[in-house]
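J.: For reference, the structure I am asking about is given below.
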Amino acid sequence: HFGFFCTPADTAFARAGNSYNQRVVAQTCSVSFRAPGQFGDQHTAAARELPRAGRSGIYVIEVTRATGEVIAQFRGHSRSIKGQHFEELQP
């Protein structure tokens, strides 16, 4: 089921993209399946940020099963928008 692969990948994408205290939205994404999921799999998603350019970010997220085998690769493009998530404290 697509959601079992996409939910952890999309969550990792959102956390990575929003880690700079800037509001970021998804611009586009794609998923490539490399292996079928199996009943009982436990999935882990890890995001890697490619070099950002201006307001745009690209993230590669690999979804793996407990054995370390990559079963899906999610590629997300983000766009920074106006605003921050929280007010930063002044020293």
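J.: How much accessible surface area, in Å² rounded to 10, belongs to the heavy atoms of Phe4 with a 1.4 Å probe?
T.: Near enough 140 Å² of accessible area.
J.: More than 13 angstrom separation, counting every C-alpha pair in the stretch 28-67; what % is that?
T.: So the pairs more than 13 Å apart make up 64 percent of the total in the stretch 28-67.
J.: Can you give me the angle between helix 2-17 and the longest principal axis of the chain, using Cα atoms only, in degrees from 0 to 90, rounded to the nearest 10?
T.: So the inclination is approximately 30 degrees.
J.: Using only the alpha carbons, work out the radius of gyration and Dmax of the chain in angstrom.
T.: Expressed in Å, the Cα Rg and Dmax of the chain come to 14.8, 51.
J.: Also, quick follow-up: Within the chain, what whole-number % of the accessible surface is contributed by carbon and sulfur, with the 1.4 Å probe and all protein chains included in the calculation? Walk me through the numbers on the way to the answer.
T.: Values: 3360 of 6320 Å².
Result for the chain: 53 percent of the exposed heavy-atom area is carbon or sulfur.
J.: Just Ile81, Ile61, Ile71 to compare: in a GNM of the chain, with alpha carbon springs under 10 Å, which one fluctuates most?
T.: Fluctuation is largest for Ile81.
J.: Most fluctuating residue of Thr67, Thr11, Thr44 in a GNM of the chain with Cα springs under 10 Å: which is it?
T.: Comparing Thr67, Thr11, Thr44 in the GNM, the peak value goes to Thr67.
The values are calculated or read from the model by the stated rules, or taken from the named source; none is laboratory data. Because the structure is predicted, anything quoted here is derived from the model rather than measured. Ligands, DNA and RNA are stripped out before the accessible areas are found, and what is left, the full protein with its side chains, is counted by its heavy atoms. Shrake-Rupley method; radii C 1.70, N 1.55, O 1.52, S 1.80 Å.
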